[in-house]
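*Asks:* A single structure is presented below for examination.
The values are calculated or read from the model by the stated rules, or taken from the named source; none is laboratory data. Fair warning: this is a prediction, and the values are worked out from it, not measured in the lab. Reconstructed Cβ throughout: ideal geometry from the backbone, glycine too, with neighbour counts over all protein chains shown. We work out accessible area using only protein heavy atoms, side chains counted, and drop any ligands, DNA or RNA first. Shrake-Rupley method; radii C 1.70, N 1.55, O 1.52, S 1.80 Å.
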Amino acid sequence: MGWPVLRQFLGGDPLGRSSSVVSRKTTEITPRTTTADRAVQSVCPYCAVGCGQKVFVSDEKVVQIEGDPESPISRGRLCPKGSASEQLVNSDTRQTTVLYRAPRAKDWQEMDLETATEMVVDRFLESRRNKWQDVDEHGRHLGRTMGIASLGGATLDNEENYLIKKLFTAAGAIQIENQARI
Amino acid sequence: MANADCIIIQGSNMAEAHPVGFQWVTEAKARGAKVIHVDPRFSRTSAVADKHVPIRAGSDIVLLGALINYVIEHEKWFNDYVVAYTNAASIINEDFRDTEDLDGLFSGFDPETGGYDMSSWSYEPDRAAHSGNPGDPGNDGDAAAEQDGAEESVEAAGDQYGMGGPELDVSKPRRDETLQHPRSVFQILKRHYSRYTPEMVRDVCGISIEDFELLARTVTENSGRERTTCFAYAVGWTQHTVGAQYIRTATILQLLLGNMGRPGGGIMALRGHASIQGSTDIPTLFNLLPGYLPMPTVEKEDLATYLDGIASKKQKGYWANADAYTISLLKAWWGDAATEENDWGYGYLPRLTGPHGTYQTVEGMMAGEVEGYFILGQNPAVGSANGRMQRMGMANLKWLVVRDFQLIESATWWKDGPEIETGELRTEDIETEVFFFPAANHVEKAGTFTQTQRLVQWRHQAVQPPGDAQSELQFFYEVGRRIRARLAGSTDPQDRALLDLTWDYPVDEHGEPDGDAVLQEINGRHLTGPDAGKHLSTFNEMKADGSTEGGCWIYTGVYADGINHAADRETGVADGPAGKEWGWAWPANRRILYNRASADPEGKPWSERKKLVWWDEDEGRWVGNDVPDFPVTLAPGTIPDPEAGGPAALAGDDAFIMQADGKGWLFAPKGMVDGPLPTHYEAQESPVPNVMYAQQHNPTRVTVPRSDNYSKPSAGMPGADVYPFLFTTYRLTEHHTAGGMSRWLPYLSELQPEMFCEVSPELAAERGLEPYDWATIVSPRAAIEAKVLVTERMRPLRIGGADAQTVHQIGLPYHWGVGGDAVVSGDSANDLIGVTLDPNVLIQGSKVGACDIIPGRRPRGTDLLDFVAGYQRRAGLTVDSGNEGVTGTGEDAGPEADPMAPPEMTSARPHPPADGPVVPHDPPGPLGRKPRPRDSQQPSQQPSRQPPATEPRTGRED
Ligand code: SF4
């Protein structure tokens, strides 16, 4: 009975879709989704179909992401990208520290978040002033800086886009763009 | 889409690019709907469609124009709908001249600026409705002064308008409901498309007459009272130099067929990023403020002038209340510092002086103007057209901040980019400081995405971000807080806007600001009165007197009654994708826009089968299965007070309530910078001449004539045959745009490991390409290598009628990039693409490029540069190649020619002698940029606001 084809035919499972393809290991394990501490409703981060996701969390770690059967848009389905999004969260190569590359340097160096944030603020203020334009050649009000630009937003939350636009506009930076123009 | 009787997918490979959304197409098909896929490539979408119609990339307006012509010739238009709800009956100014009269140009073209003065496209006013003193005979003769736009020369510059478009003073045009008046929109439309015939479709698009007729029959048989047809498109329609007009052509067709505002109708834009719709609504775009309000231009010196530019108080519809939306936004941003005395803080807004789009920004980097750059979840080194320009621009920055999950190519080009390999850049010479900040992903923060049907969905936070990873919300909140602290006490007027900014958001123990609080600010609140502090429930509650605040008027209602409706999760899937308690759709949780048009002028559904909202006589209100997109108690027969403006001016049958005249626009009397009617122009690098007009290209397209952005010489010019083939780009199911979220994932990388190119067996034979071997593809800008996939899915097309030529198309996915960190890498298709932009939205034409293809891998190092330069020399490329402006005579040859006709146009770029290389017109400027008038002009960004019944989209993503 160890031979799979025999098991398939003799075991009442001629199509090989049932008991004959179940190993002891299979019966001994339980799906991560049933043992998870909680399932959190989310939305797929890739394309704009907006499929519903259920994010399974155990010990404050994401253990699996599956389609949300309750979503009227996707009815539980995810395409390969949405299905792979657990790897997006738990990727080995994911960067979790700040890196800095100095002028002319050949490689990165690690930097702490606080220092890096302060350095960005310094540069933001300096470039803002360097390229500030009060008025145009006819003396009309411009009140802007051409020294700072930004690209990105289509993968971000509405609330994030809102704060980005609000802050940059108040700082006089106008060159704010995202994927919608590409 | 699930309710459609016929679905035309064109400019999209929906089954592969939006696979889960495609289940609704499958479902419609299972119920008997016909599905036709029109696309250069046979793909999985084609495989499950009833019919695949191959088309030459860049010729869609001819096909759609021919469908319009077919509908008119065969009298298939939905007359009651067309007369009541579109501007078909409106009469146009007598100075208007069509492309049929001027060989490919409309009246008003200025060859100096390369743009149009739109004043001759305006409506002729209905004198009875417009005359202030009907008895005054002098009034009559002065009609021209009342025509919209006639008071000033209206130079096309769409970046000055938000989604509302320019104001339109003639909201009550003269009408002829028989549609017979020669200057009625209907008759102009009929003449304009009269040469868009099945034969022309065969010769220009490469589609057989039988295939065209099948398509035309299927669409018309499935439109009307009882049936509806839906179109779906993606960037196959937008990434062209006439992209906005592609969508307009489909809109005209859908309006003629009565398919707008009805279940199973419409035009579905399939967008490629989780919240690309949201980032257009609440824009990180240079030309817009939230809710499609325009960013002010330098001419708009005070708030009143700014508001005048958005909407006239005399025009119909909801844009007339733009003052309330704008002042509520200014109150949300500057709180108590926004007062009536200081114009509600309008002076705090920086001013535009022209286009400041992403490609202009790159030029600014090269010029040393832009010093610092933030890249937030995007990968321009791979994902933007002409990748080399992007990387060279970044190499000239002082500092660069990249926020992402992985070390994407845009963060590492300085050590492993293609220019390091060719020796064009040396790491030790690059001065740019680069900061990489790790970002939190979608499960590590709470917030909303807006998906492609305007549905806003809240995501709950599942876990904390790892290490130093932060959300953009936290990062920018922190940067803003520190900037404000540094500037505290500053008396410099330039710092006022930052210091007065409302920037207090509650933060949690990890320093993360509360996204819910930000959403509440976006929704808006009452500031004074008995309801002070209460959330607004609709934008109709917004006031222009400073008593309300709200960060994005079209999102008002998402937090109505103090409840986060984006987080609504009604369970049960029975009611399909229109389930009204799942998330919240802007505006007002409405699922189908302009749904007043689903009922006839009397308010009764056009048919039982296609009913959606209708007038309930007993209740005295609009009711039905969706939130009515109409003033809810405005009865069908209502005739408004002729003096009224705004919503009060809407008649009971003005279904298109956002349009200045309440009608769906077959003809755009204003707003489209390249013409009131879509017209076929060949793509920048088309392999063939334009057989429809002497005008080869869109004359108003934005060219970027630089030596690092050469174009192929136009068809028929010397050197054009050096790049004989057409390439088009597309995406795969398993990858996501430039790969930042997919090429680092082992699963997805294993599924699609390598860059490849799709070629037909005929082309493979012609060029000696072997399956699974390498090929090198060279364009006027760059050369890349890819594995060869020989497939009959790519079909050579015969183009050009009597002396037809074979056009070979090459398909290229664009997900790979050169770098050292991803699981899979490869050459980037975007490096091949040039930057030439649509004048309406400044999106690049990247669906049609010219190339050659040869077997084998590309050269390495400096040999690669020599290889590309060799092709450029053979083709005689200069910065002028392919960048001609007017190529016809532009003369009014028609019998109606009269002295009042626009001045004769002369060719801006005379054809060069046939035997020599193209000689540069002017020497290139310091940046290789020739100071061409068009570039100092103000091309424009404007969302596709004219297509009356689609969602507003600004640019179109990939
Ligand atoms: S699962 Fe696939 S189809 Fe659904 S949103 Fe994600 S990427 Fe789009």
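*Asks:* How much of the calculated P(r) for segment A:131-181 lies past 14 Å, in percent of all Cα pairs?
*Replies:* On the way: 712 of 1275 pairs.
So the portion of pairs separated by more than 14 Å is 56 percent.
*Asks:* After finding the eigenvalues of the alpha carbon gyration tensor for segment B:248-352, what semi-axes result from the square roots of 5 times each, listed largest first in whole Å?
*Replies:* 32, 18, 13
*Asks:* Please sort by residue number the GluC sites (Glu not before Pro) in segment A:48-130 whose DSSP state is loop and whose Cβ has at most 16 other Cβ atoms within 10 Å. Please list the in-between numbers first.
*Replies:* Working: sites: A:60, A:66, A:70, A:86, A:110, A:114, A:118, A:126; in loops: A:60, A:70.
Here the sparse-neighbourhood loop sites are A:60.
*Asks:* OK, next. Other chains' Cβ within 10 Å of B:353-359 residues: what's the mean?
*Replies:* Mean partner shielding for this stretch: 5.
*Asks:* First compute the accessible area of the protein assembly as shown with a 1.4 Å probe, then give the percent of it belonging to carbon and sulfur atoms.
*Replies:* 50 percent
*Asks:* Then there's this: Just need log10 I(q)/I(0) for segment B:789-892 at q = 0.15, 0.21 Å⁻¹, Debye formula, equal scatterers on the alpha-carbon atoms, no solvent, rounded to two decimals.
*Replies:* -1.02, -1.52
*Asks:* For the pairing of chain B with chain A, what total accessible surface becomes buried, with a 1.4 angstrom probe, in square angstrom to the nearest 100?
*Replies:* Counting both chains, the buried surface is close to 12800 Å².
*Asks:* Computed over the Cα atoms of segment B:295-453, what is the ratio Rg over Rh, Rh following Kirkwood?
*Replies:* Values: Rg = 20.9 Å, Rh = 19.1 Å.
That ratio equals 1.09.
*Asks:* Probe of 1.4 angstrom, ligands and nucleic acids ignored: what's the accessible area per residue over segment B:357-405, in square angstrom? Don't skip to the answer; put the middle values down first.
*Replies:* Details: 790 Å² over 49 residues.
Value for segment B:357-405: 16 Å² per residue.
*Asks:* Take chain A, mark every one of the trypsin sites (Lys or Arg not before Pro) that falls in a DSSP loop and has at most 16 other Cβ within 10 Å, then report the longest stretch left between them, sites excluded.
*Replies:* Formally, the longest exposed-site-free interval is A:18-103.
*Asks:* Just give the residues from segment B:582-618 buried by at least 30 square angstrom of accessible area in the all-chains context relative to the isolated chain, probe 1.4 Å, and say none if nothing qualifies.
*Replies:* So the qualifying set is B:582.
*Asks:* Right, next: What does the convex hull of the Cα atoms come to per residue for segment B:757-840, in Å³?
*Replies:* Numbers: hull volume 13.1 nm³, N = 84.
Considering the Cα atoms of segment B:757-840, their hull volume per residue is 156 Å³.
*Asks:* Separate question: In Å and on Cα atoms, what radius of gyration and Dmax does segment A:31-94 show?
*Replies:* Final numbers for Rg and Dmax: 11.4, 34 Å.
*Asks:* What does the extension gain come out to for residue B:625 and residue B:751, with contour length at 0.36 nm per residue minus their alpha carbon separation?
*Replies:* 41.1 nm
*Asks:* With the calculation restricted to Cα positions, what are the radius of gyration and Dmax of segment B:592-686 in angstrom?
*Replies:* For segment B:592-686, the Cα-based Rg and Dmax read 16.9, 61 Å.
*Asks:* Out of residues 5 or more away from residue B:374 or on other chains, whose amide H comes under 5 Å of its own, with H placed 1.01 Å from N in the peptide plane?
*Replies:* Residues meeting the amide H criterion: A:149, A:150, A:151, B:401.
*Asks:* Continuing with the same structure: Semi-axes of chain B's equivalent ellipsoid from the Cα gyration tensor, sqrt of 5 times each eigenvalue, largest first, rounded to whole Å?
*Replies:* Computed over chain B, the values are 40, 36, 29 Å.
*Asks:* Sum up the charges of everything whose Cβ sits under 14 Å from the Cβ of residue B:486, counting Lys and Arg as +1 and Asp and Glu as -1, but leave residue B:486 out.
*Replies:* Around residue B:486, the charge tally is 0.
*Asks:* As I understand it, the value is the acute angle between the Cα axis of helix A:113-130 and the longest principal axis of the Cα atoms of chain A; what does it come to in degrees, rounded to 10?
*Replies:* 40 degrees
*Asks:* How many Å² of accessible area per residue for chain A, probe 1.4 Å?
*Replies:* With all protein chains present, chain A gives 42 Å² per residue.
*Asks:* Efficiency by 1/(1 + (r/R0)^6): what FRET value for residue B:648 and residue A:22, r their Cβ-Cβ distance, R0 = 56 Å, to the nearest 0.05?
*Replies:* It comes to 0.20.
*Asks:* Output the Cα-based Rg and Dmax of segment A:1-130 in Å, rounding Rg to one decimal and Dmax to a whole number.
*Replies:* 24.3, 82
*Asks:* State which entries of B:314/B:670; B:313/B:663; A:165/B:847 exceed 19 angstrom in Cα-Cα distance in the structure shown.
*Replies:* Values: B:314/B:670 16 Å; B:313/B:663 17 Å; A:165/B:847 30 Å.
Distance filter (> 19 Å) returns A:165/B:847.
*Asks:* Ok, one more. Quick check: net charge around residue B:204, other residues with Cβ under 15 Å of its Cβ, Lys/Arg +1 and Asp/Glu -1?
*Replies:* Values: positive: B:56, B:195, B:202, B:798; negative: B:60, B:199, B:203, B:211, B:682, B:803.
My count for the surroundings of residue B:204 gives -2.
*Asks:* Once Rh for segment B:1-41 is found with the Kirkwood sum over Cα pairs, what is the Stokes-Einstein diffusion coefficient at 37 °C and 0.692 mPa s, in µm²/s?
*Replies:* 322 µm²/s
*Asks:* Could you calculate the FRET efficiency of residue B:607 with residue B:47 from 1/(1 + (r/R0)^6), where r is the beta carbon distance between them and R0 is 45 Å, rounded to 0.05?
*Replies:* 0.85
*Asks:* Moving on to the next point. Compute the FRET efficiency between residue B:194 and residue B:424 as 1/(1 + (r/R0)^6), taking r as their Cβ-Cβ distance and R0 = 51 Å, and round to the nearest 0.05.
*Replies:* 0.45
*Asks:* Treating the beta-carbon of each Lys and Arg as +1 and of each Asp and Glu as -1, no other charges, what is the dipole magnitude of chain B about its Cα centre, to the nearest 20 debye?
*Replies:* Using Cβ point charges on Lys, Arg, Asp and Glu, chain B gives about 2220 debye.
*Asks:* Oh, and also: Mean 1/r over all different Cα pairs, inverted: what Kirkwood radius does segment B:720-908 give, in Å?
*Replies:* 18.9 Å
*Asks:* Follow-up question, since we're still on this one. With runs of 4+ DSSP H residues as the only contributors, calculate the mean residue ellipticity of the protein assembly as shown at 222 nm using -39,500 (n - 2.57) per run, divided by the residue total and rounded to the nearest 500. Show your work: numbers first, answer last.
*Replies:* On the way: 35 runs with 273 residues, N = 1140.
Estimated from H runs of four or more residues: -6500 deg cm²/dmol.
*Asks:* Using alpha-carbon pairs under 8 Å, 6+ residues apart, how would you state the relative contact order of segment A:31-94 in percent? Please list the in-between numbers first.
*Replies:* Details: 113 pairs, mean separation 16.8, N = 64.
Relative contact order here is 26 percent.
*Asks:* Another question about this same structure. Residues of segment B:297-313 losing 40 Å² or more of accessible area relative to the isolated chain, 1.4 Å probe, heavy atoms only?
*Replies:* B:298
*Asks:* Using only Cα atoms and rounding to the nearest 10 degrees, what angle (0 to 90) does helix A:158-170 make with the longest principal axis of chain A?
*Replies:* That helix lies at roughly 10 degrees to the long axis.
*Asks:* Same structure again: DSSP loop (so not H, G, I, E, B), at most 15 other Cβ within 10 Å: list which trypsin sites (Lys or Arg not before Pro) in segment B:367-444 pass both filters.
*Replies:* Answer by residue number: B:426.
*Asks:* Given a 10 angstrom Cα cut-off, can you work out which residue in A:45, A:72, A:14 is the most mobile in a GNM of chain A?
*Replies:* A:14
*Asks:* Could you list the chymotrypsin sites (Phe, Trp or Tyr not before Pro) in segment B:470-520 that lie in coil according to DSSP, counting only those with at most 12 other Cβ atoms within 10 Å of their Cβ?
*Replies:* Values: sites: B:475, B:476, B:477, B:503; in loops: B:503.
Those that pass, being in a loop and sparsely packed, number zero.
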